[in-house]
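Report on the structure given below.
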Amino acid sequence: MKRVIFSILFLNLFFNFKAQTNSNCANMTGICTTTGVSFTANSGVPDASTSNPGNNYGCLFSSPNPAWYYLEIDQPGNLLIDITNSLGFFQDIDFAIWGPFSNLTTALNNCGSLGSPHDCSYSPLAYPEQVSINGASTGDVFILLITNFSNSPCNVSFTNVGGTATTDCSIVGACSINSITAAPSSCLGNSTLFDISGVISFTNPPTTGQLIIQNCSGD
């Protein structure tokens, strides 16, 4: 029996989130805007008001292609965040932000019953969009909804541009492989080929890039 040695390669491990995984408030993704973050905007996804009814979306008369995030305040104060995108002025990105909440559990428990946003914008002309958080305290959690009104694929970026407050980067955990199992089958027919099945268990996976499994021969 052949012994197969696996090597695990992760590609494109940046602060680059694919929004399709967090199109629902209950699956919001933690972000750290202090170091800057970008993600691929959703397109072809139902309105947040359809997938998450019951929330007060404030100035957002529509909420197409939603992407839900949360951030936690590290250093207190006011915070100003620029939202830009790879298509520039011609891409209409809108937002709403709710909070503060005392912790992530409380924020999640409010999904579906969020009150008036702390700040929001539905402007087709604003570029960059700017999120303003006032009087934040250490440990405060905010829920941030980004919508892609133009419905065109693009990369969206967040960057701190003002205020004394910072966001906590420790909530963005690194990917960790917990265990790997692999079981080769018997040879297929009269050939030397065989199948391998198994399970890779991991936490905090990146939402973009590739997981490549190969043996010592490069297969």
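For the subset of segment 196-219 comprising residues that are open to solvent by less than 60 Å² (accessible area, probe 1.4 Å) and among the small types (Gly, Ala, Ser), which member is modelled with the lowest pLDDT?
Taking the candidates together, the pick is Gly209.
Regarding segment 49-62, can at least one residue be identified that is open to solvent by 40 Å² or more (accessible area, probe 1.4 Å), in a loop (DSSP other than H, G, I, E, B), in contact with a Pro (Cβ under 9 Å, 6 or more places away or on another chain) and over 21 Å from Cys25 (Cα atoms)?
No, segment 49-62 contains no residue that is open to solvent by 40 Å² or more (accessible area, probe 1.4 Å), in a loop (DSSP other than H, G, I, E, B), in contact with a Pro (Cβ under 9 Å, 6 or more places away or on another chain) and over 21 Å from Cys25 (Cα atoms).
Which residues, taken from segment 127-154, are closer than 14 Å to Ala96 by Cα and among the small types (Gly, Ala, Ser)?
Answer for segment 127-154, where residues must be closer than 14 Å to Ala96 by Cα and among the small types (Gly, Ala, Ser): just Ser132.
Kindly list the number of the only condition in (1) more than 15 Å from Leu144 (Cβ to Cβ); (2) part of a strand (DSSP E or B); (3) among the hydrophobic types (A, V, I, L, M, F, W, C) that fails for Leu80.
(1)
Can you find, within segment 137-192, the residue that is farthest from the chain's Cα centre (by Cα) among those that are within 30 Å of Ser43 (Cβ to Cβ), aliphatic (A, V, I, L, M) and open to solvent by less than 50 Å² (accessible area, probe 1.4 Å)?
So the residue we want is Val141.
Where in segment 88-169 are there strands (runs of 3 or more DSSP E), lying fully within it, with 3 or more residues that are closer than 21 Å to Cys25 by Cα and in contact with a Gly (Cβ under 7 Å, 6 or more places away or on another chain)?
Working: elements: 93-101, 119-121, 129-136, 141-148, 155-162.
Because the criterion is at least 3 residues that are closer than 21 Å to Cys25 by Cα and in contact with a Gly (Cβ under 7 Å, 6 or more places away or on another chain), the strands (runs of 3 or more DSSP E) in segment 88-169 that meet it are 141-148.
If only one of Ala26, Ala67, Ala41 is open to solvent by 20 Å² or more (accessible area, probe 1.4 Å), among the aliphatic types (A, V, I, L, M) and under 15 Å from the mean Cα position of the chain (by Cα), which one is it? Before you say what the answer is, go through the steps one by one.
Working: Ala67 fails: open to solvent by 20 Å² or more (accessible area, probe 1.4 Å); Ala41 fails: open to solvent by 20 Å² or more (accessible area, probe 1.4 Å).
Selected residue: Ala26, the only one of Ala26, Ala67, Ala41 that is open to solvent by 20 Å² or more (accessible area, probe 1.4 Å), among the aliphatic types (A, V, I, L, M) and under 15 Å from the mean Cα position of the chain (by Cα).
Among (1) out of contact with any helix residue (DSSP H, G or I) (no Cβ under 6 Å at 6 or more places or on another chain); (2) part of a loop (DSSP other than H, G, I, E, B); (3) surrounded by fewer than 22 Cβ atoms within 10 Å (Cβ to Cβ), there is one condition Cys32 misses while meeting the rest; what is its number?
Unmet condition: (1).
The values are calculated or read from the model by the stated rules, or taken from the named source; none is laboratory data. Computed from a predicted model, the values in this text were never measured in an experiment. Glycine also receives a Cβ, built like all others from the backbone with ideal geometry; neighbour counts cover every protein chain displayed. Keep in mind that these areas ignore ligands, DNA and RNA; they rest on the heavy atoms of the full protein, side chains included. Shrake-Rupley method; radii C 1.70, N 1.55, O 1.52, S 1.80 Å.
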